[in-house]
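Data first, discussion second: the structure below is written as structure tokens.
The values are calculated or read from the model by the stated rules, or taken from the named source; none is laboratory data. Keep in mind that what you see is a predicted model, and the values were worked out from it rather than measured. All Cβ positions, even for glycine, are placed from backbone atoms using ideal geometry, and neighbour counts span all protein chains on display.
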Amino acid sequence: DELSLEIGQFDSEFLIDFITEKLAPIYYNKGIEDAKTVIERRMLEMSDELYEIEQEVQI
């Protein structure tokens with residue numbers, strides 16, 4: 001069942017602000033997590049590439 005309820009301009013703005021305040025940190029942290037994953041993957045690729053160009057040392 002749906003509620004037949006009208007919300008005023010102030011109430012709707014408050015609701016949007018409230019939801020944004022609660023959800024923003026979740027989306028922010030997800031973005032940080034995704035960026036961290038990309039950086040870690042690229043660092044591993046660079047490490048592999050550097051290993052490939054390392055020169056053998058004979059003493």
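Residues in segment 5-31 that are of a type in the set (Val, Ile, Thr) and surrounded by 10 or more Cβ atoms within 10 Å (Cβ to Cβ): 7, 16, 19, 20. Taken together, 38, 57 contain a single residue that is of a type in the set (A, V, I, L, M) and at pLDDT below 95, which is 57.
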